[in-house]
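Some notes on the structure that comes next.
A short reminder: the numbers here are calculations on the coordinates, not readings from a lab. In this text the structure is predicted, and so the values were computed from the model without any measurement. We place every Cβ from the backbone using ideal geometry, glycine too, and count neighbours over all the protein chains shown.
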Amino acid sequence: MTSSETATTGPLAGITVVALEQAISAPMCTRTLGDFGARVIKVENPKGGDFARHYDDVVKGLGAHFVWVNRGKESVALDLKTPGGIGVLHRLLERADVLVSNLTPGTTAKLGISPADLTTSHPDLIAVEIDGYGPGGPLSHKRAYDLLVQAESGACAVTGHPGAPAKPGPPMADVCSGLYAALSIVALLCGRERGVGPGPAAPSVAVSLFDTMTELMGYPLTYTLHSGVEQQPLGMSSPAVAPYGAHRTADGRTVVLGTTNDREWQRLARELIDRPDLADDPRFQGNAGRVEHRALLEPEISAWCARHDLAEVQDRADAAGIGNSRYNTPNDVINHPHLQARDRWREIDTPSGLVPALLPPPVIAGYDPPMGAIPALGQHTDAVLTELGLADEEIAVLRAQGAVR
C-alpha cells in the first residue's frame, strides 16, 4: 500500500503496519516504525477510539499520552465486532507487512486474528502481540498496566527510598516493551529481505511487559541471586557505586555528581572537594568500600557542595573530569538550552492546530523523520477504504451497519 500523505524516503518506506493498539506500548512500537518511514494504519473502535485519546485534554483538547505516541498515523475507525468491520480488517491485512496489537488477553483469538490464525489467513504477515505477562503462566490471564507490572517485577522495590517504594516516573514497562517489539519487527524485516529467518512462514512475535521489566531489572536480580542481599533504594543514587548522588548547593539548587571507577573518585576527592585525606583513606580506596561506607562519605561531599553555587560546582567538576548534571523539573527541560541549541523541537499538526514535539532519538545522516500529524478518530477511514477498492456505495452500507465511522 502507498499513500502520498505518508510516503517518505526513510529506511522503512514501503512497509505498511496495521495497528490494533491502545495506550502506550503498541503505539510506541508503531510510532517508532513510522519515525523510520513505515506507513502506520491505526484501527480504532468507532466508539471513542484509543482510550488514551481521553486520559486528559491538555493538548488543545487532546490527551498528552495520545499526542506523544501517535503522530504520523492514519486512523481508520472499524467496529471489529461486526462482520463488515472484520472483513475490512482482513482486506487491510492482505496488503500489510506487519500487524501490531496490544489488546486484552484472548481478544485476537476471539476475532480470529491470533498469530496462529494469521499463519493460515495471511501467511506473509509478521504478527506482533504485546501483552502483560506472556502465555503459559499463572498471571497470563490478567490485565496488565505499567504500574502493575513494575510492582510485580520488583522495579518499585528498587525505586524511591527504604520503606517508601515508588514507580519510576516514565512508563518504563510500556515504552521499553514497545521498543523491543519495534526492534523485533525491524530484525525480521531485515531477515526477510536477506532470505534468512526462523522459518518459511512469516514468524510471530510476542513481547510481554513482565518479561521486559525483568530484563530491565537485570542488575538487581543478578546481584540478589548471587549475594542473597536485596539492595535498598537510595532515591537519587545507586546501590552499585559510590559516590553517586544528589547534593544541595549554596544557591538552593541540586547538583548530581557521579563516579564510576577509582580514578574518578581520586579526582573528585583531590581536585574537586580538596580532600586528599578522603582519597588516602583505606576505607574508600575501592568501590566496594565506598559503597559500604557511603554514610560516612556522602555527607562530606554534601557539606562541600553546600558551600558553593551550582554553577561553580559544575565548572569545577568539569575541570576535574567528574560527571555531573543538575536536577531539573519538566519545565526546566522544556526550555533546556541543550535541546534549543541542537534544534530538537519541531511542530506537528493535530486536529486542534500545531503543537511542539521532540524529534525521535536516532539521528540518521541525510534523513529527516516525517513528524506527521496526530489523526482525528476515523479521519482516514474513507480514504483507506477507497484505496482498498470499496466503492462509495459499499462504504455507505458499512457506515449504515455501524461497521465503520
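If you line up the long axis of helix 172-194 against the longest principal axis of the chain, both from Cα atoms, how many degrees apart are they, to the nearest 10?
Once rounded, the angle reads 60 degrees.
Compute the long axis of helix 310-320 from its Cα atoms, compare it with the longest principal axis of the Cα atoms of the chain, and write down the angle in degrees, 0 to 90, nearest 10.
Helix 310-320 and the main axis of the chain meet at about 80 degrees.
Determine the dipole magnitude for the stretch 3-145: charges of +1 sit on the beta-carbon of Lys and Arg, -1 on that of Asp and Glu, nothing else is charged, the reference point is the Cα centre, and the result goes in debye to the nearest 20. If you can, show how the numbers build up before the last one.
Numbers: 14 positive and 15 negative charges, 49 e Å.
In total the dipole reaches around 240 debye.
Lys47: which aspartates and glutamates have alpha carbons under 18 Å from its alpha carbon, excluding same-chain residues fewer than 8 sequence positions away?
Of all the aspartates and glutamates, those that pass the test against Lys47 - Cα under 18 Å, at least 8 places apart if same chain - are Glu21, Asp56, Asp57, Glu74, Asp79, Asp382.
How much net charge surrounds Ser114 when only other residues with a Cβ under 15 Å from its Cβ are counted (Lys, Arg +1; Asp, Glu -1)?
Details: positive: Lys110; negative: Asp117, Glu129, Asp131.
Net local charge, Ser114 excluded: -2.
How would you rank 316-323, 170-177, 116-123, highest first, on the average number of other Cβ atoms within 10 Å across their residues?
Working: 316-323: 15.8, 170-177: 22.2, 116-123: 14.1.
Those peptides, ordered most packed to least, come out 170-177, 316-323, 116-123.
Go through (1) 1.18; (2) 1.13; (3) 1.01 and flag the label whose value is the computed Cα Rg over 2.2 N^0.38 Å for this structure.
(1)
Going by alpha carbons, how many degrees (0 to 90, nearest 10) lie between the helix axis of 294-305 and the longest principal axis of the chain?
Helix 294-305 and the main axis of the chain meet at about 90 degrees.
Give me, ordered by chain and number, the residues 5 or more places off Val40 or on other chains with an amide H under 5 Å from its own placed amide H.
Long-range HN contacts for Val40: Val17, Glu74.
Evaluate the distance, in nm, between pseudo-label points positioned 7 Å from the Cα of Ala151 and of Thr386 along their respective Cα→Cβ axes.
4.9
What is the magnitude of the charge dipole of the chain about its Cα centre, with +1 placed on the Cβ of each Lys and Arg, -1 on the Cβ of each Asp and Glu, and no other charges, expressed in debye to the nearest 20? Before the final figure, lay out the partial values.
On the way: 34 positive and 47 negative charges, 56 e Å.
The calculated dipole for the chain is roughly 260 debye.
Of His247, Pro168, Ala187, which is farthest on the positive side of the dipole of the stretch 144-260, counting Cα position, with +1 on Lys and Arg Cβ, -1 on Asp and Glu Cβ, and the Cα centre as origin?
His247
Which one of Asn324, Asn335, Asn102 has the biggest mean-square fluctuation once the chain is modelled by GNM with Cα springs under 10 Å?
Ranking Asn324, Asn335, Asn102 by mean-square fluctuation puts Asn335 first.
Net charge within 10 Å of Ile130 by Cβ-Cβ distance, Lys/Arg positive one each and Asp/Glu negative one each, not counting Ile130 itself? It would help to have the intermediate numbers written out before the result.
Numbers: positive: none; negative: Glu21, Glu129, Asp131, Asp174.
Residues near Ile130 contribute -4 overall.
Taking a point 7 angstrom from the Cα of Val397 along the C-beta vector, which residues in the stretch 62-80 have backbone N less than 12 Å away?
Hits in the stretch 62-80 for Val397 at 12 Å: none.
On a full-extension model of 0.36 nm per residue, what is the gain between Asp309 and Ala250, subtracting their alpha-carbon distance, rounded to one decimal in nm?
Details: separation 59, 0.36 × 59 = 21.24 nm, distance 0.48 nm.
Extending this stretch completely gives an extra 20.8 nm.
Ranked highest first by the average count of other Cβ atoms within 10 Å around their residues, in what order do 361-371, 9-19 fall? The partial results should precede the final answer.
Numbers: 361-371: 12.1, 9-19: 19.5.
So the order, starting with the most tightly packed, is 9-19, 361-371.
What does the charge dipole of the stretch 155-289 about its Cα centre add up to, to the nearest 20 debye, if the Cβ of each Lys and Arg holds +1 and the Cβ of each Asp and Glu holds -1? Each step should come with its number before you reach the end.
Details: 10 positive and 13 negative charges, 48 e Å.
Dipole about the Cα centre, nearest 20: 240 debye.
Measure up Lys81/Lys142; Lys81/Lys167; Lys60/Lys110 against 32 Å on the Cα-Cα distance and list the ones that go over.
Violating the 32 Å limit, Cα to Cα: Lys81/Lys167; Lys60/Lys110.
Between His293 and Met236, what is the FRET efficiency for a Förster distance of 22 Å, r being their Cβ-Cβ separation, to the nearest 0.05? Before the final figure, lay out each step's value.
Working: r = 19 Å, r/R0 = 0.87.
Between His293 and Met236 the formula returns 0.70.
Give the residues of the stretch 15-59 whose amide nitrogen is closer than 13 Å to a point set 7 Å from the Cα of Tyr367 in the direction of its Cβ.
Inside the label zone: 15, 32-39.
Report the local net charge at Gln232: Lys and Arg +1, Asp and Glu -1, summed over other residues whose C-beta lies under 14 Å from its C-beta.
-1
So in the chain, what percent of DSSP beta bridges are antiparallel if you round to the nearest 5?
Working: 18 of 39 bridges.
Beta bridges within the chain, antiparallel portion: roughly 45 percent.
Just from its helices, what would the mean residue ellipticity at 222 nm be for the chain, if runs of 4 or more DSSP H residues each count -39500 (n - 2.57) and the sum is divided by every residue, rounded to the nearest 500 deg cm²/dmol? It would help to have the intermediate numbers written out before the result.
On the way: 18 runs with 156 residues, N = 405.
After summing the helix terms and dividing by the residues of the chain, the value is -10500 deg cm²/dmol.
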